[in-house]
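Undergrad: Handing you a structure now.
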Amino acid sequence: MKFGVIILLLAAVVPSFSQTSKSMACEKRPLFNIKRVIAWSTPSDVPAFFYNADLAVDADGAFKAYHPEDRPGLDALAHAGHPGNWWALVTTNGERSGRPVVQRQSDPAPGYYVSTTALYDPKNQNPRDPHRYVDANTIPYIVLPPQALKHARLGDFATVLNLENGRISGAIVADESLEFPDRIGEGSIALARAVGVDPDPRHGGKEGGGVVYLVYPGSGNGSPRTLKDVIANSQRLFERWGGLDKLNACLGTNVKVR
């Protein structure tokens, strides 16, 4: 039922996109390159860069992302780290070397670990509170590797388009790829669901490219945002940047969104 509400909310807050693509020129230049994935910068009133990549599904920040017994978790515990080096979990000493913190009865998912995202609420001073982080189950977010975070920052907005089915969604930059620092093309469970990709963190995702990420550097405030804020701000920036017409021109495609 929760997922149905999220989908209805996305439909309610995302304005309709144009279904036709006009002829438009696209100026672009390479910004950085990660494993043959080129990120392109485009001149515009709205600073932005885009890249075409896979979509690996990230569960970080979800209340049931990881469990001490592994199998009950949405994702494999190995993707959160290992004893002595936990990069996606809150630990007892606040360091990677500490023991993972288990949620209490008063938390959203008692018995599960407290999973983190690099973007968190600075007003919430309790690092053991699962609500401090961005919930992968409800917020469409993207994950950037360290090299890309030289050009954008946590909390910035993005637009993500699945070229295969024309599904599009707003998103926020909410996590950094620490497990695979040279991988680009990753997003939350909610993002995968929104663009019509299998959202299972263990077995889902999309390989072979075909997912376009358009990131707007400097557009955020460095804090998590509500789903409504993410969608509304991303849509506004996408339209100011040039919208679907410009994106099709830059990609050499004629995608019609659904």
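The values are calculated or read from the model by the stated rules, or taken from the named source; none is laboratory data. No experiment lies behind these values; they were computed from the predicted model shown. FYI the Cβ positions are ideal-geometry reconstructions off the backbone, even for glycines, and counts take in every protein chain you see.
Undergrad: Does segment 101-123 hold any residues that are under 21 Å from P140 (Cα atoms), in a loop (DSSP other than H, G, I, E, B) and either among the hydroxyl-bearing types (S, T, Y) or without any contact (Cβ under 8 Å) to a residue 24 or more places away in the chain (or both), and which are they?
TA: Matches in segment 101-123: T116, T117.
Undergrad: I've got another one for you. Can you pull out the residues in segment 217-238 that are closer than 22 Å to L251 by Cα and either at pLDDT below 95 or over 13 Å from the mean Cα position of the chain (by Cα) (or both)?
TA: If the condition is that a residue be closer than 22 Å to L251 by Cα and either at pLDDT below 95 or over 13 Å from the mean Cα position of the chain (by Cα) (or both), then P217, Q235, R236, L237, F238 are the ones that fit.
Undergrad: With the structure loaded, tell me whether D54 is over 23 Å from N254 (Cβ atoms) and either at pLDDT 95 or above or surrounded by fewer than 17 Cβ atoms within 10 Å (Cβ to Cβ) (or both) or whether it fails that test.
TA: No, not satisfied.
Undergrad: Name, by its number, the condition in (1) over 19 Å from D175 (Cβ atoms); (2) modelled with pLDDT of 95 or more; (3) in a loop (DSSP other than H, G, I, E, B); (4) not basic (K, R) that does not hold for S23.
TA: (2)
Undergrad: Could you figure out which of (1) crowded, with 16+ Cβ neighbours inside 10 Å; (2) at pLDDT below 95 isn't true of A109?
TA: Evaluating A109 over (1) crowded, with 16+ Cβ neighbours inside 10 Å; (2) at pLDDT below 95 leaves (2) as the failure.
Undergrad: Give segment 143-157 a look and list any residue that's in contact with a Phe, Trp or Tyr (Cβ under 6 Å, 6 or more places away or on another chain) and either hydroxyl-bearing (S, T, Y) or not in a loop (DSSP other than H, G, I, E, B) (or both), or say none.
TA: F157
Undergrad: Here's something else I'd like to know. Of everything in segment 246-258, what is touching a residue at least 60 places away in the same chain (Cβ under 8 Å), closer than 18 Å to F49 by Cβ and not basic (K, R)? Give them in sequence order.
TA: L247, N248, A249, C250, L251, T253
Undergrad: Further question: Looking at (1) farther than 28 Å from K228 by Cα; (2) loosely packed, with under 15 Cβ neighbours inside 10 Å, which is the only condition H79 fails?
TA: Of the numbered conditions (1) farther than 28 Å from K228 by Cα; (2) loosely packed, with under 15 Cβ neighbours inside 10 Å, the odd one out for H79 is (2).
Undergrad: In segment 143-156, what count of residues is obtained for those that are within 17 Å of N52 (Cα to Cα) and in contact with a Leu (Cβ under 7 Å, 6 or more places away or on another chain)?
TA: Matching residues across segment 143-156 total 2.
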